[in-house]
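Report on one structure; see the data block that follows.
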Amino acid sequence: MTPLLQVKNIKKLYGARIGCTDVTFDLYPGEVMGIVGESGSGKSTLLNSLAGHLAPDCGEVIFDTRANGPVDTVTMSEPERRMLARTDWAFVHQHARDGLRMSVSAGGNIGERLMAVGDRHYGSIRERAADWLGRVEISENRIDDRPSAFSGGMQQRLQIARNLVTGPRLVFMDEPTGGLDVSVQARLLDLLRGLVREMGLSAIIVTHDLAVVRLLADRLMVMKDGRVVETGLTDQVLDDPQHSYTQLLVSSVLQV
Amino acid sequence: MIELNNVSKSFILHNQGGAVIPVMQNATLCLKPGECVGLTGVSGAGKSTLMRVIYGNYLAASGSVVVGGVDVAKAEPREILALRRETLGYVSQFLRVVPRVPTLDVVAEPLLAVGTPVGQARDKAASLLAQLNIQERLWGLSPTTFSGGEQQRVNIARGFAYDYPAMLLDEPTASLDAQNRATVLGLIETAKARGAAIIGIFHDESARAQVCDRFVDVSAFSPKAAA
Amino acid sequence: MSDYSFAYLDEQTKRMIRRAILKGLAVPGYQVPFASREMPMPYGWGTGGVQVSAATLTPDDTLKVIDQGADDTTNAVSIRKFFEKTAGVDTTEKTAEASVIQTRHRIPEAELTEDQILVYQVPIPEPLRFLEPRESETRKMHALEEYGLMHVKLYEDISQHGAIATAYAYPVKVEGRYVMDPSPIPKFDNPKMEMAAIQLFGAGREQRIYALPPYTQVVSLDFEDYPFEASKADHPCDLCGAEDSYLDEVILDDAGSRMFVCSDTDYCRSRREAGHSGRLGEEAV
């Protein structure tokens, strides 16, 4: 089986300071990988380097494209990369307002990616927008409301709908449940889990919340000071951590 | 089906002065299809640890843990996940589920994961829940709010939904009434009959005697005994 | 006359603007940046169009200036006078006699010919601006042909109003490549943009020039199930009786009586001179 994503020796420096370095891994179709670590550990830098938001200083991010097989997205042309970003990739931001157009209705937000890839039938765009609102548990009669009138949890779900409407194969998520109430988080996690399985998505989820990765991620990568200190099966890393930092991280979680 | 060779396991506590706690040494075990082995030994002897090592939840320090042709001690996460999906089932003592998911779907999930059609998976889940006396009006609710005994039965139903060729059962009959206990033992015997290799921990001696073909005392694997 | 450079601008500036115009013609619909000059009129009064006209005019040209179709409004009169004074060119109100026509917000009703140039005054040349405020980003979107956002605007129109409510400055796609703002002409005029004359667009404050060579394909954006419609008020002209021209609605008194008249004054006059007459034809003239 060809990995969906092959990451080789990714390094991103901010001047002399290390953002992340020596990151190498393969992600297979349908796999969900969590990246955990404290603030400043380089996990968001890594995610943005993988998703093409930051240009890594060295390394390869090889994606198995539908048309041409594995291609290095770091060296591909910008139009190709941006096309990938709105078709086969999706990016869920921590703050919904970074990932939504706040002045455009919910329906328009979901429809944008469809129109960007050439859908020109209003009725079918609207139908798909309504269908996706339902899938993310937003009432269909909110389709013409702007996201600014939505709660935080709804905004986040709308962002997910907007991203998944084109049926991407790889989803990058940056703290998708950050800043949400626990009850809203649970609903979102359940929703994400369902979508991941239903659509066979592969995902890379950056979070500092170990409970989130236990529920969502098949495997885990633990980062500290820009480097990967431990990787493995999620429950194995959490229940039998090998590296001293992971042990500290796991033992620092408050028991409920 | 399940083959352990010289498996050892120790915990290194980096944040407590690097203390090394050896818990298992030279564990060797071999199970054929259709065989059920009961793990014995005093509490703390390492029965659950051994199971977790086999399931890949704990990382073996050395040796090999081959289940269905995959060495769990060295396999990639996705290989272990595939193994857990298709070959190796595990009924733990605790139910861990996503909040909000209805009981019926919790039980059907292992079937859905291997691609069983939804209707068929739900039917199987429903029949297991009925067998284990979970009232039908609870099926649409999340098991997180259930009593301990109910949660355990849901856990067992989930564990037996898919016909795994190999199974790990951690105290499946603990705290069950006579009727449910009999149902669970029946499920185990059915699984054996279709050729499943089973490793179980049973504190209940009569249950142990009824389903196990032989016993392995894990104290033999404890580092002190070896020393 | 000799006190001014021909058409007010110095030769180097006109040369710079002509280069921008030629580049615009070579890449139809692409917004060419140019070093817009201060003109002796405020921004918003057609400084972009005036600079393009100045760089386009020759002493032999005949100039016509219209504002919303009319030759006799303040803006049109001032610009016409400006070029009479600084370039000494002939001016006309007759569409057919003009070789250069500067316009604000209309395309003349009479069909233009291959030896004419139509110069538009453009306030905001960037069609994506209201949806994407960052210039760096809109340039990238043009470069990469990422125009999904343009349809988001039309989608929002339909979802809010039940139809595409954009009635002027209706976005178009040029030769299947660049999405272009046609300046605030009514969408009624959009189909006329596939014409024989050269069309030049000047935005003074925004410092952009773009252009359409003759017979360039210009397609108004739409949805399959909400196709583009070149709409106008459903009346004939009350003065000349024309059924095919774009109309202005004029309120006549405090009682709310009104009339619809051609916005193109030259078209209306020439029809009346040819004997056509509308509902209020005789008395209103």
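The values are calculated or read from the model by the stated rules, or taken from the named source; none is laboratory data. The model shown is predicted, which means the values in this text are computed figures rather than measured ones. Here Cβ is always computed from backbone atoms with ideal geometry, including for glycine, and neighbour counts include all displayed protein chains.
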Inset, instruction - Report, by residue number, each residue of segment A:82-94 that is farther than 20 Å from residue A:29 by Cβ and touching a strand residue (DSSP E or B) at 6+ places or on another chain (Cβ under 9 Å). - result: A:93, A:94
Inset, instruction - Write out, first by first residue and then by second, each pair whose Cβ atoms fall under 8 Å of each other, whose residues are 6+ apart or on separate chains, and whose first residue, in segment C:263-274, is outside any helix (DSSP H, G or I) while the second is among the charged types (D, E, K, R). - result: C:263/C:106; C:263/C:248; C:264/C:106; C:264/C:109
Inset, instruction - Of the numbered conditions (1) in contact with a Gly (Cβ under 9 Å, 6 or more places away or on another chain); (2) under 21 Å from residue C:135 (Cβ atoms); (3) surrounded by fewer than 19 Cβ atoms within 10 Å (Cβ to Cβ), residue C:48 fails exactly one; give the number of that condition. - result: (3)
Inset, instruction - Please give the number of the condition residue B:121 fails out of (1) away from every other protein chain (no Cβ under 11 Å); (2) in a loop (DSSP other than H, G, I, E, B); (3) among the small types (Gly, Ala, Ser); (4) surrounded by 20 or more Cβ atoms within 10 Å (Cβ to Cβ). - result: (2)
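Restricting attention to segment B:163-183, which residues are acidic (Asp, Glu) and on the phi < 0 side of the Ramachandran plot?
Taking segment B:163-183 as the starting set, the residues that turn out to be acidic (Asp, Glu) are B:163, B:170-171, B:177.
Once the filter is applied, which keeps residues that are acidic (Asp, Glu) and on the phi < 0 side of the Ramachandran plot, segment B:163-183 yields B:163, B:170, B:177.
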Inset, instruction - Check residue A:30 against each of (1) within 14 Å of chain B (Cβ to nearest Cβ); (2) more than 18 Å from residue A:175 (Cα to Cα); (3) assigned to a strand (DSSP E or B); (4) in contact (Cβ under 8 Å) with a residue 60 or more places away in the chain and name the one condition it does not meet. - result: (3)
Inset, instruction - Evaluate segment B:9-26: report whether one residue or more is away from chain A (no Cβ under 11 Å), surrounded by fewer than 20 Cβ atoms within 10 Å (Cβ to Cβ) and of a type in the set (Ser, Thr, Tyr). - result: no
Inset, instruction - Scan C:143, C:96 and give me the residue that is small (Gly, Ala, Ser) and in contact (Cβ under 8 Å) with a residue 12 or more places away in the chain. - result: C:96
Inset, instruction - Among residues belonging to segment B:82-113 that are farther than 9 Å from residue B:142 by Cβ and among the charged types (D, E, K, R), point out the one that is farthest from the other protein chains (Cβ to nearest Cβ). - result: B:86
Legend entry - Pair list, Cβ under 7 Å, 6 or more apart: segment C:205-228 residue touching a residue at least 12 places away in the same chain (Cβ under 8 Å) and small (Gly, Ala, Ser), other residue surrounded by fewer than 19 Cβ atoms within 10 Å (Cβ to Cβ) and part of a loop (DSSP other than H, G, I, E, B): C:220/C:228
Inset, instruction - Return the total of residues in segment C:43-76 being assigned to a helix (DSSP H, G or I) and β-branched (Val, Ile, Thr). - result: 5
Legend entry - Close pairs (9 angstrom Cβ cut-off, 6 or more residues apart or separate chains): of a type in the set (Gly, Ala, Ser) in segment A:1-24, in a strand (DSSP E or B) anywhere: A:19/A:11; A:19/A:12; A:19/A:13
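Select, from B:222, B:206, the only residue that is polar (S, T, N, Q) and surrounded by fewer than 14 Cβ atoms within 10 Å (Cβ to Cβ).
Working: B:222 fails: surrounded by fewer than 14 Cβ atoms within 10 Å (Cβ to Cβ).
Only one candidate passes the filter, namely B:206.
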Inset, instruction - Determine the pairs where a residue that is touching a residue at least 60 places away in the same chain (Cβ under 8 Å), located within segment A:208-236, has a partner that is among the acidic types (Asp, Glu) and part of a strand (DSSP E or B) with Cβ atoms under 8 Å apart, the partner being 6 or more residues away or on another chain. - result: A:220/A:230; A:221/A:230; A:222/A:230; A:227/A:22; A:228/A:22
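Take residue C:4 and decide whether it is in contact with a helix residue (DSSP H, G or I) (Cβ under 6 Å, 6 or more places away or on another chain) and of a type in the set (Phe, Trp, Tyr).
Values: in contact with a helix residue (DSSP H, G or I) (Cβ under 6 Å, 6 or more places away or on another chain): yes; of a type in the set (Phe, Trp, Tyr): yes.
The answer is yes for residue C:4.
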Legend entry - Qualifying position, being touching a residue at least 60 places away in the same chain (Cβ under 8 Å) and either more than 14 Å from chain A (Cβ to nearest Cβ) or buried (at least 17 other Cβ atoms within 10 Å of the Cβ) (or both), among B:159, B:148: B:159
Inset, instruction - Check off (1) at pLDDT 90 or above; (2) closer than 25 Å to residue B:112 by Cβ; (3) not in a helix (DSSP H, G or I) for residue A:177 and give me the number that stays unchecked. - result: (1)
Legend entry - Condition check for residue B:111: surrounded by 19 or more Cβ atoms within 10 Å (Cβ to Cβ) and either part of a helix (DSSP H, G or I) or not small (Gly, Ala, Ser) (or both): yes
Inset, instruction - Hey, can you tell me all the residues within segment A:120-147 that are surrounded by fewer than 13 Cβ atoms within 10 Å (Cβ to Cβ), within 14 Å of another protein chain (Cβ to nearest Cβ) and either of a type outside the set (D, E, K, R) or under 21 Å from the mean Cα position of the chain (by Cα) (or both)? - result: A:123, A:141
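I'd like the full set of residues that are over 11 Å from the mean Cα position of the chain (by Cα) and not hydrophobic (A, V, I, L, M, F, W, C), limited to segment C:169-186. Please lay out each step first, then the result.
Filtering segment C:169-186 down to residues over 11 Å from the mean Cα position of the chain (by Cα) leaves C:170-180.
Correct list: C:170, C:171, C:173, C:175, C:176, C:177, C:178.
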Inset, instruction - Please work out which residue is nearest to the chain's Cα centre (by Cα), limiting yourself to segment C:10-22 and to residues that are among the aliphatic types (A, V, I, L, M) and surrounded by fewer than 21 Cβ atoms within 10 Å (Cβ to Cβ). - result: C:22
